[in-house]
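The values are calculated or read from the model by the stated rules, or taken from the named source; none is laboratory data. Keep in mind it's a predicted model, so treat the numbers as computed, not measured. Neighbour counts run over all protein chains shown; Cβ positions are idealised from the backbone, glycine included. Note: areas computed on protein heavy atoms with side chains; ligands, DNA, RNA excluded. Shrake-Rupley method; radii C 1.70, N 1.55, O 1.52, S 1.80 Å.
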Amino acid sequence: MNLIQWLKIYEDITDSLGINRNEDLISSFILSNYINSNENFLKNTMVKNFFIVGNGKNMPDGLNSISGGVVIVADSAVTRFHEYASIKPDIIVTDLDGDINLIHNYYKNGTDLIIHAHGDNINKILKYSSKFPRAMGTTQNIPIKT
């Protein structure tokens, strides 16, 4: 999908949900000041299997089938993942609502981090993003390149 198509969909979504697009954009600019890397973690990977771990009620059972791929964990699932999994995630996708200490511990031990900027997490970006300088940033608004 191209940016123009996305922005029309994004406008419809934000209008229907009452999301402030200006705050989303501000959040993106703030996050871009903390991110020192334009690294795309998945760009050079040849792995064909990706395991996306969310916080569903059957999550612990699904962990048994993870083998030979990239493990991506949503920050809402990181605490339960840590409790039940015997592996570390390759990537955590977060809007900084999860257990920051646990996320930071994984990050220090090589887990890549994707931080999503939106209007409701500006304070968390200001508070925590400096802990994750090699993270990749995402936005639902206009992409900001650093």
Taking protein heavy atoms only, a 1.4 Å probe, and rounding to whole percent, the accessible area of the chain owed to carbon and sulfur comes out at 51 percent
Taking placed amide H atoms and a strict 5 Å upper bound, the residues 5 or more places from Ile92 or on another chain that come that close are Val73, Asp112, Leu113, Ile114
Under the 7 Å Cα-to-Cβ spin-label approximation, Ser16 and Leu126 lie apart by a distance in nanometres of 3.2 nm
Amide H neighbours of Thr139 at under 5 Å, excluding residues fewer than 5 places away on the same chain, with H built from the backbone geometry, are Ala117
Averaged per residue, the 1.4 Å probe accessible area of the chain, protein heavy atoms only, in Å², is roughly 59 Å²
Taking alpha-carbon centroids only, region 94-145 lies from region 61-78 a number of Å equal to 19 Å
Restricting to Cα pairs under 8 Å and 6 or more apart, the percent relative contact order of region 1-121 works out to 26 percent
Rounded to the nearest 10 degrees, the helix 3-17 long axis (Cα) sits at an angle to the longest Cα principal axis of the chain of 90 degrees
For Lys88, counting only aspartates and glutamates whose alpha-carbon sits under 14 Å away and dropping same-chain residues fewer than eight positions off, the answer is Asp75, Asp112
Asserting the computed 222 nm helical MRE of the chain (DSSP H runs at least 4 long, -39500 (n - 2.57) per run, divided by residue count, to nearest 500) equals -11000 deg cm²/dmol
Using the Cα gyration tensor of the chain, the equivalent ellipsoid's semi-axes, largest first and to the nearest Å, work out to 27, 17, 16
Ranked output for segments 101-112, 131-142, 53-64 by mean other Cβ atoms within 10 Å, highest leading, reads 131-142, 101-112, 53-64
Percent relative contact order for region 72-143, counting Cα pairs under 8 Å at least six residues apart, stands at 29 percent
